[in-house]
Structures are given as structure tokens and as C-alpha cells.
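First the structure, in the form of C-alpha cells, and then the observations on it.
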Amino acid sequence: MVANRRDLRRLLLANLALLITQIFWGSQVPIMSVLLATWGAFELSVFRFAIALPLFLAVLAWERKKAPDAPYVSLGRVALLGILGTAGFNLIYTLAVRFAGSIGAVVVASMLPLVAAIVMWVWKRQRLGSGVALALACATGGGLLAASFDGGQTGDGPAFRRLGEVLMLVALTVWTWYSHAAQTWLAGWSQMHVTAATVTPAALFLIAAYAVAALAGQVPFPPALPSERDGWLLIFLGIGPVFLGIMGWNYGVRGVGVVVASLYLNLMPAIAVATAALFGEQASWQQLLGGAIVLIGVVQVQVRHLRARGA
């Protein structure tokens, strides 16, 4: 009974972390679209990670002092998780939003549960558990329904929209790999340690790459000064989606697994459109219904899991 209560508590906390993460990540898509009118995709990725870097360094220092005997992991693996899994993902993701537009990017992001299931099957031969197939159907269908109202938003044209959609699929594949590899390679580390240790090299890599590009004259330096509104939006992106969002995602993945956690990303369309409404776009019934369908899929698969554990 005590073990079941402990499992239930961990499961609830993992789901809460994933839900909060999706609020941050869903809201960042329209905000990024607004900021991309001023900066390029590369600069935007650098700026928001630079804002989050001091927070991650503080967490990393605190974690190393708190748990100095954490299991040893080679620096190469940590750097690969940070540079490819975090920095690479965010650069590709930002380019996808730039070319596909916020709604187009969210539509393709609705495919993450399928991408995650395919990647885990190819990589680990992981079979779908009880109820996961239904959850995938609910997540994909609900996500596509929620994104079906485009609010008249478009990208830079059909060819660029297709490029953005392809880039989003690549980004989802990279993120699935990072989500599972981080939990496997860094087993025994706390989630705060996992997040800080992988995002810190990502932020340092992006800042160094920006400095090199600026010296080569490939990016403007100094960058354009943000307006007061854009400055606050940048701070929100650094603290919310990057710092708290990635930390919440890693905590949730350890609690429910990468495939089930990926189902939550289909809440992004509803949250993205609700956020876009703050910038003058209108929401519709599709987002509310789509979000409800996603939640049904997520809840039913975890109820099945708890019943199996109880049995």
C-alpha cells in the first residue's frame, strides 16, 4: 500500500511537471513568431539560452555540492547530449517555426507521439504497452484537430512551409533521442542535475558559435536592441520554456517514459492558440476539443498502468 501511494505520488508529480512544461512550450511558439520578426533564428536561440545560462550554472553548482558522489559519466556523452540534443534541437526547432509559421509548426509537432514510438521501436525495439496505441490515436487526432484552425497565419510560402515541416520532424526525432538518452546515460543523477549538466554545454556552445559568426560577419553585432515588450518576452523564453520547461520535461520523462510524455506535447496547439490570442489571433472550439481528446488519451494509458501495477 505504501509503495502504491509512493508510485501514485511520483506519477502525479511527473504529470504535473509535464503539464506545466506544455504551458511553457505551447506559449513559446507564438512568442517566437513575434520575436522572429526582429531577430534571426540563430540569434533568438542564443539569446534565450544566454538568459537561462546563469540559472543552470547555479543549479549545477548546487547539485554538485549537494551530491558530489553522483555516478561518473564521460564528458563526451554529456557534451553530446547538450550540443546535439539540446542546442541542435533548439536551432532546428526555431528554424522550423520561422519557415512553417507558428500554426504549421504546431501541426507537425502533433506528430511527436508517433515519432517517439517509431524512434523507440527502431532504437530499442520497445513495444507499445497497453492503451498506448489508443493514446497515440487520441494524441495525434486531438493535436491535429486543435491545430486545424490556422487563424489565417502562413509561413513564407509553400516551399518554405514544407521545409519548415521537414525541419520540425528532424527536431522531434532529435528530441526523442535526447529525452531517452539523457535518462539512460545519466541514470542516478537528479533531474535538476541532468538538465543543468546538458543545457549548460548547449548554452556555451551557442554563445561561442554566435561569437565566431559575429567575428566572421555572418550575424549582426551588436544585435538589434529589443523593445521593452520584446525584452520581457525574451526573459520569459529563457526562464520559462528553457529553464523550467526542460527541467520539467526531464522529470516527467523519468516518471512516465518518453512515449507517454510525448503525448503531452499535443496540448501545444491549444496552448499556442490561446497565447496567440494575446497577440490578436482568435481561438476556436477546435483547440478546446483537441486538448480534451489529448488528455483522455494520456489519462487512460496511465490508469491502465496503475491498475496493472496494483494487480
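Below is a table of values for the structure above.
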{"read-out": "Pair list, Cβ < 7 Å and 6+ apart or interchain, from the range 170-185 residues that are free of Cβ contacts under 8 Å to residues at least 60 places away in the same chain to residues that are assigned to a helix (DSSP H, G or I)", "value": "T173/V115; T173/V119"}
{"read-out": "Given (1) aromatic (F, W, Y); (2) crowded, with 17+ Cβ neighbours inside 10 Å; (3) more than 20 Å from the chain's Cα centre (by Cα), index of the condition W232 fails", "value": "(2)"}
{"read-out": "Filter result (of a type in the set (F, W, Y), buried (at least 22 other Cβ atoms within 10 Å of the Cβ) and either at pLDDT below 85 or in contact with a Leu (Cβ under 6 Å, 6 or more places away or on another chain) (or both)) within the range 58-109", "value": "F99"}
{"read-out": "Cross-chain or 6+ apart pairs with Cβ under 7 Å, the range 214-227 first and at negative phi, then hydroxyl-bearing (S, T, Y) and not in a loop (DSSP other than H, G, I, E, B)", "value": "V219/Y210"}
{"read-out": "Qualifying helices (runs of 4 or more DSSP H) (wholly inside the range 1-101; at least 3 residues being more than 18 Å from Q183 (Cβ to Cβ) and touching a residue at least 24 places away in the same chain (Cβ under 8 Å))", "value": "2-35, 41-66"}
{"read-out": "Output for the range 36-52, where each listed residue is surrounded by fewer than 21 Cβ atoms within 10 Å (Cβ to Cβ) and more than 21 Å from I83 (Cβ to Cβ)", "value": "L36, A37, T38"}
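Here is a yes/no grid of residues against (1) touching a Gly at 6+ places or on another chain (Cβ under 7 Å); (2) at pLDDT below 85; (3) surrounded by 20 or more Cβ atoms within 10 Å (Cβ to Cβ):
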{"residue": "W185", "(1), (2), (3)": "no, no, no"}
{"residue": "G188", "(1), (2), (3)": "no, yes, no"}
{"residue": "Q191", "(1), (2), (3)": "no, yes, yes"}
{"residue": "A196", "(1), (2), (3)": "no, no, yes"}
{"residue": "V199", "(1), (2), (3)": "yes, no, yes"}
{"residue": "A203", "(1), (2), (3)": "no, no, yes"}
{"residue": "A208", "(1), (2), (3)": "no, no, no"}
{"residue": "A213", "(1), (2), (3)": "no, no, no"}
{"residue": "P222", "(1), (2), (3)": "no, yes, no"}
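The values are calculated or read from the model by the stated rules, or taken from the named source; none is laboratory data. Predicted model only: the values in this text are computed from it and were never measured. When we count neighbours, we look across all protein chains shown, and the Cβ atoms used for this are built from the backbone with ideal geometry, even at glycine.
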